[in-house]
Number of protein chains: 2
Amino acid sequence: MASKSAPRATYAEIAKTAGVSEATVSRVLNGDENVHPDRTKAVNAAVKKLGYKKHRAASALASGRTGLIAVVIDDDLSIFADPFWATVTSGISRVLMENELQTLLMVTPLESVDGPVAHYLMGGEVDGAIFFQLHKDALIKRLRKQNLPIVITGTPHSRSDFPFVDTDSFGGAHAATKHLFSRGCRQVGIITGDIDTTAGAARLDGYNQAYRESGHVPSKKLIASGDWSMESGRAAMARLLEKAEGIDGVFASNDLMAVGAMAAIEEAGLRVPEDIKIIGFDDSVVAQTARPALTSVRQDIVALGEAAAELMIAQLRGEEVQPRILKSELVIRETT
Amino acid sequence: MASKSAPRATYAEIAKTAGVSEATVSRVLNGDENVHPDRTKAVNAAVKKLGYKKHRAASALASGRTGLIAVVIDDDLSIFADPFWATVTSGISRVLMENELQTLLMVTPLESVDGPVAHYLMGGEVDGAIFFQLHKDALIKRLRKQNLPIVITGTPHSRSDFPFVDTDSFGGAHAATKHLFSRGCRQVGIITGDIDTTAGAARLDGYNQAYRESGHVPSKKLIASGDWSMESGRAAMARLLEKAEGIDGVFASNDLMAVGAMAAIEEAGLRVPEDIKIIGFDDSVVAQTARPALTSVRQDIVALGEAAAELMIAQLRGEEVQPRILKSELVIRETT
DNA sequence: CGATTGCGCGAAACCGCTTTCACGAAAAGG
DNA sequence: CCTTTTCGTGAAAGCGGTTTCGCGCAATCG
């Protein structure tokens, strides 16, 4: 199909022009210490002169290392439309590239432990896999058993020792809630995300903790559950307005729900932030485009991706790795 | 590193259990017609029995086909945070996977014609490349010359015969502008995107065309330029309000600028849609979260990705391909 | 100073699949 | 019935690196 205009250089040529054996070329190109400096120099010179680039497939075949890291999004397409994941991915990609690794993107529900993706991952086609939005971890366990380096983005449900990276949801929610109190709110409600997700649960925990520290007890009436969507935020806020009289502050577990809540408040004839103050989570575009602009908990999403990639690379090097939790930060705008 | 618990099956074993030669196994597995049905059956049975999966690297080395398609985003990380590109990518990924191809993601500025990415692409590491957000096409031309199948997402600047896919920007802008007139607007302005981009120019053209069809001539005062950002939309709208008295409708070339414009209108003490009607482009999340909810031109972004992948696959098959322009559609909400 | 150790290096096997080549058998032609 | 094609097939030569193995040589030891 693709005819190569410039027939790429091979070890054979490098070996010849450098006056060494192919074995030595390989040693130099793979950073083997035990090569005489002179030869190393000769090889490097030949490499540069010939504009040599290693042939991945050949290298992979011989060494078993493909130089490919899969980024697996265990969901259908829609999830990837969330800028969050795209941003994480770009962070991953950058770090991987710097380390001579390529990012293989797989957006697909991981139905079964032996679906096509599973086979792909277990078939040694990649050197490691980074998971987003993991639903069940049966597959992961299998992969782990095969010594496939794994990193999970987001806190996994099971208490297993999977390497993972995540934002400090608890801390962010805690800070947000505290900020609402410090701004004079007395009755602070929360709109939770899907409680089955670890992030949803952690944000609720952070809220509860901050509430207790303020010396009060959060009434059940102040807690309304959503599912991360704008519409669910609007509905949850409507319920709060009805049940929790005197509510004057709301921590929404993500920006989309916060915007929904703002709509509900407006519909009820109240004003943000005068009557009710609002904080979101994620500091996404919608936080910035909302009017009034939404105070939100920012996570450094690119850094999250970078951390994931770094954890992967550490594993590839055979190092032991610890989960990494990234700090979050409150960005104060006009809704508080 | 990764010790394989189950040492994968090879052609040798399949050949033995099927009672044929490795060559025949290869033929069957690659869809060669000239194999006796009996042997084909035997091979397929053996494959299933042994749970065989082809070893990509080996296959790639021998055949020169890697099964990898690069998705190259010629920009820094930030661009990928735009849900637009992520969504396109997910569409691409889905179609590629269905065709046994994998998506290799490369997010990086394509500085030069012989940067690392360029070499990577020219080095036969991938079977094809799909480009986003292409800045200059020197590299593309080179790749094309090497017979590397290429697809560009978005309309390329040069009139070259690159296969590309795009949304009908002209048509969308045209429909949006017409809609504003039909809603009773008399003085319809436009906030353009970056005019140097083909999309920016096409949207302006569509606006002009619709204006002329309405029997009027668009005054220069009604045209303000932005750069796709919310802030630029706000500034552009402020200028329009100042210069173009009587303006009662605005087509913003994307949603972000539309939202910025709405903010400016509100700041000026006017109301949307009563005083000024607004239409955006993209139908992104912000269009849905804006209050009032923004009327916008929707493009089927996933389909755009799918079309890109299909064009790639067609080229891989050696077929001639035509550019593909996808229809856009007006989604009417509360701002018109 | 002979024996042992260790270092640097090349020969060659190998990774798993693809593809060319040539050969025997069956089909077609005379 | 014999020759010429056609068809199906296996043997074997790669594809381009990596890695094991063992050899010569110099440094170290007793």
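Only one of B:70, B:23 is out of contact with any Cys (no Cβ under 9 Å at 6 or more places or on another chain) and within 12 Å of DNA strand C (Cβ to nearest atom); which? Quick ask: steps written out before the conclusion?
On the way: B:70 fails: within 12 Å of DNA strand C (Cβ to nearest atom).
After ruling out the rest, the residue left standing is B:23.
Can you pull out every residue in the stretch B:304-336 that is free of Cβ contacts under 8 Å to residues at least 24 places away in the same chain and over 19 Å from the mean Cα position of the chain (by Cα)?
B:317, B:318, B:319, B:320
In this structure, does residue B:67 turn out to be touching a residue at least 40 places away in the same chain (Cβ under 8 Å) and under 30 Å from residue A:145 (Cβ atoms)?
The answer is yes for residue B:67.
When you scan the stretch B:32-65, how many residues do you find that are of a type in the set (Lys, Arg) and either touching a Leu at 6+ places or on another chain (Cβ under 6 Å) or within 13 Å of DNA strand D (Cβ to nearest atom) (or both)?
Going through the stretch B:32-65 one residue at a time, the tally reaches 4.
Can you name every residue in the stretch B:133-161 that is open to solvent by less than 20 Å² (accessible area, probe 1.4 Å) and within 12 Å of another protein chain (Cβ to nearest Cβ)?
Scanning the stretch B:133-161 gives B:143, B:148, B:149, B:150.
Applying the selection to the stretch A:93-112, what residues are within 9 Å of another protein chain (Cβ to nearest Cβ), open to solvent by 10 Å² or more (accessible area, probe 1.4 Å) and part of a helix (DSSP H, G or I)?
A:94, A:97
Could you say whether any residue in the stretch A:10-30 is within 13 Å of chain B (Cβ to nearest Cβ) and at pLDDT below 95?
yes
Would you check if residue A:5 is modelled with pLDDT under 90 and either near DNA strand D (Cβ under 9 Å from one of its atoms) or outside any helix (DSSP H, G or I) (or both)?
yes
Which condition number does residue A:203 fail, the rest of (1) touching a residue at least 40 places away in the same chain (Cβ under 8 Å); (2) surrounded by fewer than 18 Cβ atoms within 10 Å (Cβ to Cβ) being met?
Looking at each condition in turn, residue A:203 falls short on (2).
Of all residues in the stretch A:29-58, which are under 37 Å from the mean Cα position of the chain (by Cα) and either more than 9 Å from DNA strand C (Cβ to nearest atom) or open to solvent by 50 Å² or more (accessible area, probe 1.4 Å) (or both)?
To start, the set of residues in the stretch A:29-58 that are under 37 Å from the mean Cα position of the chain (by Cα) comprises A:29-33, A:51-58.
A:29, A:30, A:31, A:32, A:33, A:51, A:52, A:53, A:54, A:55, A:56, listed by residue number.
Does residue A:294 satisfy the criteria of being of a type in the set (A, V, I, L, M), closer than 23 Å to residue A:190 by Cβ and within 13 Å of chain B (Cβ to nearest Cβ)?
Here the answer is yes, as residue A:294 does meet what is asked.
Out of all the residues in the stretch A:14-28, which are within 10 Å of DNA strand D (Cβ to nearest atom), surrounded by fewer than 17 Cβ atoms within 10 Å (Cβ to Cβ) and of a type outside the set (Gly, Ala, Ser)?
Across the stretch A:14-28, the qualifying residue is only A:22.
For the stretch A:265-288, give me each residue that is buried (at least 21 other Cβ atoms within 10 Å of the Cβ) and among the hydrophobic types (A, V, I, L, M, F, W, C).
A:265, A:272, A:276, A:278, A:279, A:281, A:285, A:286, A:287
Do we have any residue at all in the stretch A:229-247 that's of a type in the set (A, V, I, L, M), not in a helix (DSSP H, G or I) and not assigned by TED's automatic domain parsing to the domain that holds residue A:143?
Yes.
When you scan the stretch B:261-279, do you find a residue that is closer than 16 Å to residue B:174 by Cβ and modelled with pLDDT of 95 or more, even just one?
Within the stretch B:261-279 (the criterion being closer than 16 Å to residue B:174 by Cβ and modelled with pLDDT of 95 or more), the answer is yes, since at least one residue qualifies.
Please state which of the following conditions residue A:248 fails to meet, knowing it meets all the rest: (1) crowded, with 23+ Cβ neighbours inside 10 Å; (2) farther than 23 Å from residue B:286 by Cβ; (3) touching a residue at least 60 places away in the same chain (Cβ under 8 Å).
(1)
Please work out if residue A:87 is at negative phi, facing another protein chain (nearest Cβ under 7 Å) and at pLDDT below 90.
Yes, satisfied.
What is the number of the single condition among (1) more than 25 Å from residue A:284 (Cβ to Cβ); (2) surrounded by fewer than 24 Cβ atoms within 10 Å (Cβ to Cβ); (3) not aromatic (Phe, Trp, Tyr) that residue B:302 does not meet?
Here residue B:302 clears every test but (1).
The values are calculated or read from the model by the stated rules, or taken from the named source; none is laboratory data. All of these numbers come straight from a predicted model, not from anything done at the bench. Because the Cβ atoms are built from the backbone with ideal geometry, glycine has one as well, and the counts that use them run over all protein chains shown. Keep in mind that these areas ignore ligands, DNA and RNA; they rest on the heavy atoms of the full protein, side chains included. Shrake-Rupley method; radii C 1.70, N 1.55, O 1.52, S 1.80 Å.
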